[in-house]
1. Go through (1) part of a strand (DSSP E or B); (2) aliphatic (A, V, I, L, M); (3) free of Cβ contacts under 8 Å to residues at least 24 places away in the same chain; (4) within 20 Å of Leu29 (Cβ to Cβ) one by one and return the number of the condition Ala75 breaks.
2. So in segment 92-101, with the set limited to residues that are in a helix (DSSP H, G or I) and not charged (D, E, K, R), which one is surrounded by the most Cβ atoms within 10 Å (Cβ to Cβ)?
3. Which count do you get for residues in segment 24-52 that are free of Cβ contacts under 8 Å to residues at least 12 places away in the same chain and not in a loop (DSSP other than H, G, I, E, B)?
4. Restricting to segment 6-33, name every residue that is surrounded by fewer than 21 Cβ atoms within 10 Å (Cβ to Cβ) and within 18 Å of Ala208 (Cα to Cα).
5. Taking segment 102-136 as the region of interest, how many residues are part of a helix (DSSP H, G or I) and surrounded by fewer than 14 Cβ atoms within 10 Å (Cβ to Cβ)?
6. Of all residues in segment 45-91, count the ones that are more than 16 Å from Arg206 (Cβ to Cβ) and either surrounded by 17 or more Cβ atoms within 10 Å (Cβ to Cβ) or of a type in the set (Lys, Arg) (or both).
7. Kindly provide the set of residues from segment 186-212 that are at pLDDT 80 or above and among the hydrophobic types (A, V, I, L, M, F, W, C), ordered by number.
8. Which of the residues that make up segment 156-178 are small (Gly, Ala, Ser) and either exposed (fewer than 14 other Cβ atoms within 10 Å of the Cβ) or closer than 18 Å to Leu41 by Cα (or both)?
Amino acid sequence: MRNDLLIVEDLLLLLLDDETGTPAAAGTLPYTLGGAVLAELALLGRVETGDPSALNGPRIIAVGDGPLPDPVLQAAYDRIAEKTQRVQPLLLAIGGDLWKTLTDRLIERGLIRREKKRVLGLFPMTRLPAADTRHEAALRDEIRAVLVEDKTPDPRTAAVTALLSASGALPALRPTLAWSAKVYKRAKEIENGNWGAEAVNAAVVRTAAAIAVSTAVVAVTVTTTTT
C-alpha cells in the first residue's frame, strides 16, 4: 500500500463511490474528516485529550514541538495550539473546509479524476470517479481482515476502521463486507477503542481512540438531530 497518504485521505477514498465520487455518510462527512486529522495528530504524539466527561467532548490540547510532515496536519495543529477547544466544535472547524483540499490532492495523486458534464445538456455536474483503485482495494482488504478474520489492526487501520464505523458508512463499502452480528460487534469494539495495539505507545493510541469515540458521538448526535 502507499504510505504517502494521510489517514484522512485513506478514509475519504473509502467513502467515495468509485463510479460517481459521491461520499457515503455525507451528512456527517466534515466531522468524520476532522476526526481523522485529529486521530493522526494523536498518533504522531502532537495532541492530547483532557476533561473527557465535559459537554461537547474532551478538550484537545496541542503538545510537542517542530513542524509537521503535511500542511493539512500543520494547519489543524496550529488551530489547536492557538486556542484549546472541545472536540465537537473542533471537528467541524478542521473538517468543514477539507473537501476541496483533499479531493484536489487525490486527483493530483492519480487516485480519482474530475469529470465535468451537463445533465440534459443544461445543468453542470461534477463527478469524482476512481482512477486507480489499487491502494483503495488494499485498504479494504486490511479492514476486511480486521473485521472478518479478527486480525489485530495497526493503529492507522484501526483509526480508519473506527471512523468508518463512527460515520455509519461501513455497510456502504464496496465490495460489501460479509455483514453479520460478529462483524458489527467487532467494528463497534474498534470504534470504542479496543485496538489491541500493544506494540506502540499506549498513551498515544488511547488518545487517538478517544478522538474516534468522540467523533462517533458527534456523528450520532448530528444524524439524530437532522432526521
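1. The number of the failed condition is (1).
2. Among those residues, the one meeting the criterion is Ile94.
3. Number of matching residues: 2.
4. The answer is Leu6, Pro30.
5. 3
6. Count: 15.
7. Within segment 186-212, Ala187, Ile190, Trp195, Val204, Val205, Ala208, Ala209, Ala210, Ile211, Ala212 meet the criteria.
8. Ala158, Ala159, Ala162, Ala178 - these are the residues of segment 156-178 that are small (Gly, Ala, Ser) and either exposed (fewer than 14 other Cβ atoms within 10 Å of the Cβ) or closer than 18 Å to Leu41 by Cα (or both).
The values are calculated or read from the model by the stated rules, or taken from the named source; none is laboratory data. Just so it is clear, the model here is predicted, and its values are computed rather than measured. Cβ atoms come from the backbone with ideal geometry, glycine included; neighbour counts cover every protein chain shown.
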